[in-house]
Amino acid sequence: NEPALRLAKKLTEVSFAERVFFANSGAEANEAALKLARRYAADVHGTEKSEIIAFKQGFHGRTFFTVTVGGQAAYSDGFGPKPGDVTHLPYNDIEALQAHMSDRTCAVMMEPLQGEGG
């Protein structure tokens with residue numbers, strides 16, 4: 001895909017990034033971000049650094065991983081065991097986030113403005 005290659009080259013030339021990942025949806029982009037965070041943490045720090053912190057009533061997409069991270073039972077319950085090591089904290093509670101973050105935390109996912117959940 002020549003246009004995508006040209007765009008990727010331009011993006012890396014004018015930004016901090018060395019690589020580009022194109023996704024066809026927000027869910028796909030979020031799914032990739034979560035997987036990349038866990039892979040990087042495992043490769044650099046070991047597999048014990050796998051916790052993802054998210055906030056209650058979030059919405060990050062409709063894939064199995066993103067609905068689990070979103071923390072809305074209406075979207076994630078009823079499909080069997082969920083991906084593990086995801087913690088949900090109250091939205092807009094920075095003290096809870098500061099208290100909970102640890103050496104096990106590999107990513108924090110949040111919506112600056114809650115849409116569907118807020």
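Within this structure, Thr66 passes the test of being hydroxyl-bearing (Ser, Thr, Tyr), within 20 Å of Glu111 (Cβ to Cβ), surrounded by 11 or more Cβ atoms within 10 Å (Cβ to Cβ) and out of contact with any strand residue (DSSP E or B) (no Cβ under 6 Å at 6 or more places or on another chain).
Within the set of pairs 6+ apart or on separate chains, which have a first residue in segment 84-96 that is free of Cβ contacts under 8 Å to residues at least 60 places away in the same chain and under 17 Å from Cys106 (Cα atoms), a second that is of a type outside the set (A, V, I, L, M) and not in a loop (DSSP other than H, G, I, E, B), and C-beta atoms under 7 Å apart? Sorted first by the residue in segment 84-96, then by its partner, the pairs are Asp85/Glu51; Val86/Thr68; Thr87/Glu51; Thr87/His100; His88/Phe55; Leu89/Phe55; Leu89/His100.
The criterion of at least 3 residues that are touching a His at 6+ places or on another chain (Cβ under 7 Å) is met by the following strands (runs of 3 or more DSSP E) wholly inside segment 7-118: 51-55.
Here's a check for you: in segment 1-41, which residue that is among the polar types (S, T, N, Q) and over 10 Å from the mean Cα position of the chain (by Cα) is farthest from Ala107 (Cα to Cα)? Among those that are among the polar types (S, T, N, Q) and over 10 Å from the mean Cα position of the chain (by Cα), it is Asn1.
The set of residues from segment 42-60 being at pLDDT below 95 and within 10 Å of the chain's Cα centre (by Cα) comprises just one member, His60. The residues of segment 55-80 that are out of contact with any Lys or Arg (no Cβ under 7 Å at 6 or more places or on another chain), of a type in the set (Gly, Ala, Ser) and under 15 Å from Gly115 (Cα atoms), listed by number, are Gly58, Gly61, Gly70. Checking segment 100-110 against the condition returns a match, with at least one residue being surrounded by fewer than 18 Cβ atoms within 10 Å (Cβ to Cβ), within 30 Å of Ala4 (Cα to Cα) and in contact (Cβ under 8 Å) with a residue 24 or more places away in the chain.
The values are calculated or read from the model by the stated rules, or taken from the named source; none is laboratory data. What you see is a predicted model, and the numbers here were worked out from it, not measured in a lab. Every residue, glycine among them, receives a Cβ derived from its backbone with ideal geometry; neighbour counts consider all protein chains shown.
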